[in-house]
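The values are calculated or read from the model by the stated rules, or taken from the named source; none is laboratory data. Given the structure is predicted, the values throughout are model-derived calculations rather than measurements. No Cβ is skipped: glycine too gets one built from the backbone with ideal geometry, and neighbour counts run over all protein chains shown. Accessible surface areas use protein heavy atoms only, side chains included; no ligands, DNA or RNA. Shrake-Rupley method; radii C 1.70, N 1.55, O 1.52, S 1.80 Å.
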Amino acid sequence: MKYYATRLVRSLLTLIIVVTIVFLLMRLMPVEGYFGTSFDKLDEAQIEAKLQNLGLLDPWYIQLKNFYGGLLKGDLGKSITYRPRVDITKILGDKLITSLRFGLASLTVSLLVGLSLGVLMARHKGKFWDKFGTCYVVGANAVPAVIYYLLIQVFFTDIFNLPLLYERSDPKSWILPVICLSLVNIAYYAMWIRRYMVDELNKDYVRLARAKGLKSKEIMVRHVMRNAFVPMAQYLPASILYTVSGSIYVESLFSIPGTGGLLVTAIQRQDNTLVQALVLLYSSIGIVGLLLGDILMATFDPRIKLGSEGGAR
């Protein structure tokens, strides 16, 4: 419990520092951004009235106090420029659900295909499946994702008669974005599960199990895969949580109304409240993902004692 309490306090402090820095940096940006193209048409009185209405003429510590006061009440504020006067929770809620659906679909495909491919590569080291998987891993990491995203969109649309862009009412329009989102993760999972399994296969306990006559399948399933999965377990929560953040390029390419690219758009439009909410969201995702990763790793391997020296990150 002491370990979890310490991690929780550290996480909250990190979160407060990150959000406060971003909050202050946004206040250093020029005020023209709050008005867009209408800035030149406004006189000084109108500009000052709007800034006053937004609370941007208050001292920075008053603005910061108001922000954290609202946050404690669950109020993230209203959008300034992206969708003026619309609650941030409503903006994020709609987009998060869309990104989450695509992210979870791609994560499921990535885990199923990636882990299966990695197991095949480890079991057939130096043979066809190992060479095939290695080529795939190298290709997926060496070729810029933008290139094969475009090739998939252009050619698969014609060959398999699939929609070019996302349509909420058409399930077939999910296929190409999910494939694009899965390709790199498949390579990642395949590469690491192969590596950990090959390491495990060379350990003494596997040789002992073989010498005792245990079947190869039993050794792989009950011992090798279980031990190989432990190092990967710490990354799974973060992978699942990061699916919420969406993909900037894939969502733009297939016109998916998700959260991908929303942070960039919010910064460009100088929407302070939306930027603060997104930074808070992404920072929380990263911190919670690391904490859950430690817990999951300790769950899979009871030998790992969280809180002991060298037992956690």
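General observations
- Test: residue in the stretch 200-207 that is open to solvent by 60 Å² or more (accessible area, probe 1.4 Å), acidic (Asp, Glu) and under 20 Å from ASP130 (Cα atoms): no
- Residues of the stretch 150-181 satisfying the condition of being farther than 21 Å from LEU112 by Cβ and open to solvent by less than 60 Å² (accessible area, probe 1.4 Å): GLN153, THR157, PRO163, TYR166, ASP170, SER173
- When residues of the stretch 250-264 are limited to those that are touching a residue at least 60 places away in the same chain (Cβ under 8 Å) and assigned to a helix (DSSP H, G or I), the one surrounded by the fewest Cβ atoms within 10 Å (Cβ to Cβ): LEU253
- Per-region count, the stretch 74-102, residues within 23 Å of TYR166 (Cβ to Cβ) and in a loop (DSSP other than H, G, I, E, B): 3
- Boolean, SER247 is modelled with pLDDT of 75 or more, among the hydroxyl-bearing types (Ser, Thr, Tyr) and either over 30 Å from LEU24 (Cα atoms) or in contact with a Ser or Thr (Cβ under 9 Å, 6 or more places away or on another chain) (or both): no
Residues are listed down the side, and each one gets a yes or a no for (1) closer than 20 Å to SER11 by Cβ; (2) among the polar types (S, T, N, Q); (3) part of a loop (DSSP other than H, G, I, E, B); (4) modelled with pLDDT of 75 or more:
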site	(1), (2), (3), (4)
TYR282	yes, no, no, yes
GLY286	yes, no, no, yes
PRO302	no, no, yes, no
LEU306	yes, no, yes, no
ARG313	yes, no, yes, no
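To keep it simple, each residue is scored yes or no on (1) at pLDDT 80 or above; (2) surrounded by 12 or more Cβ atoms within 10 Å (Cβ to Cβ); (3) in a helix (DSSP H, G or I).
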position	(1), (2), (3)
TYR3	no, yes, yes
VAL9	yes, no, yes
LEU13	yes, no, yes
ILE17	yes, no, yes
ILE21	yes, no, yes
LEU24	yes, yes, yes
GLY33	no, yes, yes
THR37	no, no, yes
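- Being surrounded by fewer than 19 Cβ atoms within 10 Å (Cβ to Cβ) and assigned to a helix (DSSP H, G or I) is a description that applies to LEU71.
- Those residues of the stretch 41-58 which are open to solvent by 70 Å² or more (accessible area, probe 1.4 Å), touching a helix residue (DSSP H, G or I) at 6+ places or on another chain (Cβ under 9 Å) and not hydrophobic (A, V, I, L, M, F, W, C), in sequence order: LYS50
- Checked against (1) surrounded by 14 or more Cβ atoms within 10 Å (Cβ to Cβ); (2) among the hydroxyl-bearing types (Ser, Thr, Tyr); (3) closer than 30 Å to MET197 by Cα; (4) out of contact with any Leu (no Cβ under 9 Å at 6 or more places or on another chain), THR108 passes all but condition (1).
- Helices (runs of 4 or more DSSP H) contained entirely in the stretch 175-227, each with at least 3 residues that are farther than 25 Å from TYR149 by Cα and at pLDDT 85 or above: 175-201, 204-211
- Contact map, the stretch 208-220: residues that are at negative phi paired with residues that are surrounded by 10 or more Cβ atoms within 10 Å (Cβ to Cβ) and of a type in the set (Val, Ile, Thr), Cβ distance under 9 Å, separation 6+ or inter-chain. Pairs shown: ALA209/ILE219; ARG210/ILE219; ILE219/VAL206; MET220/VAL119.
- Every pair of residues 6+ apart whose Cβ atoms lie under 8 Å, when the first sits in the stretch 153-174 and is outside any helix (DSSP H, G or I) while the second is small (Gly, Ala, Ser): LEU162/SER173; PRO163/SER173; LEU165/SER173; LEU165/SER255; TYR166/SER173; TYR166/SER255; GLU167/SER173
- Subset of the stretch 245-270 that is within 14 Å of GLU167 (Cα to Cα) and of a type in the set (S, T, N, Q) - its residue that is nearest to the chain's Cα centre (by Cα): SER252
- Pairs are defined by a Cβ separation below 7 Å, a sequence spacing of at least 6 or placement on different chains, a first member in the stretch 54-67 that is assigned to a loop (DSSP other than H, G, I, E, B), and a second member that is of a type outside the set (Gly, Ala, Ser); the pairs so defined are GLY55/GLN63; GLY55/ASN66; LEU57/LEU51.
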